[in-house]
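Novice: Structure in structure tokens, see below.
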Amino acid sequence: MSNTDLLRIDGAVDQPLTLGFNDLARIDARDQVTDLKRHGYKRAGDAVRLAALLRLARVQPAASYLGLHGTADDFHASIPLEAVLDRALVIFRIDGAPLPAAIGGPFRLFIPDHATCQAAEIDECANVKFLDRIELTVEKGQDNRPHDDAEHARLHAGQG
Ligand SMILES: Nc1nc2c(c(=O)[nH]1)N[C@H]1C(S)=C(S)[C@@H](COP(=O)(O)O)O[C@H]1N2
Ligand SMILES: [Mo]
């Protein structure tokens, strides 16, 4: 984890972007959600609204899936964009510093009010850690979230 870690936003956008910690910190205050715990969320830290990032990237009207890539451990989710656009957050800071990898940093998606694991397309598993690429697609894209309890248990067992 360092200030040089970058988050790429590409795919069906008019303005592909590569953003770092400082870029996220500079996003307009109305799109910052600081101290998630204070807002009653179970995750700690500070976030920016995904919608603000997607406005900057100028998402194309045909884009209907949000691809979330965690290259570090090859974890990927692809979820319907419209269902999360108004609530999804990207957590990037805690105690004034970049989010550590131990809690999913440097960037982690957080969808407030997600369903429990595997209960729906937008579940807790879609809160991708080590998020380094947000890819907008027209059709559903790469998604290797666990399909059943056994797969899910194996995945969690492998996590530190
Ligand atoms: N990069 C990455 N993100 C991931 C996972 C993973 O294995 N790798 N697991 C997912 C699953 S299945 C769940 S339930 C949550 C767990 O988050 P936690 O480890 O912070 O509790 O992270 C999700 N994000
Ligand atoms: Mo999960």
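The values are calculated or read from the model by the stated rules, or taken from the named source; none is laboratory data. If you're wondering where the values come from, they're calculated on a predicted model, not measured in any experiment. Here Cβ is always computed from backbone atoms with ideal geometry, including for glycine, and neighbour counts include all displayed protein chains. The protein model used for the area step is the full one, side chains on, heavy atoms only, and it has no ligands, DNA or RNA in it. Shrake-Rupley method; radii C 1.70, N 1.55, O 1.52, S 1.80 Å.
Novice: Can you find, within segment 132-160, the residue that is nearest to the chain's Cα centre (by Cα) among those that are part of a loop (DSSP other than H, G, I, E, B) and farther than 22 Å from ALA119 by Cα?
Specialist: ASP132
Novice: Is it true that some residue in segment 121-139 is of a type in the set (Gly, Ala, Ser), surrounded by fewer than 15 Cβ atoms within 10 Å (Cβ to Cβ) and within 13 Å of ligand 2 (Cβ to nearest atom)?
Specialist: No - not one qualifying residue is present in segment 121-139.
Novice: Restricting to segment 140-160, name every residue that is among the hydrophobic types (A, V, I, L, M, F, W, C) and more than 11 Å from ligand 2 (Cβ to nearest atom).
Specialist: ALA150, ALA157
Novice: Shifting gears a bit: Restricting attention to segment 28-76, which residues are crowded, with 17+ Cβ neighbours inside 10 Å, away from ligand 1 (no atom under 16 Å from the Cβ) and more than 24 Å from GLN15 (Cβ to Cβ)?
Specialist: Across segment 28-76, the qualifying residue is only ASP46.
Novice: To continue, here is another question. Hey, ILE79 hits all of (1) within 11 Å of ligand 1 (Cβ to nearest atom); (2) open to solvent by less than 40 Å² (accessible area, probe 1.4 Å) but one; which does it fall short on?
Specialist: (1)
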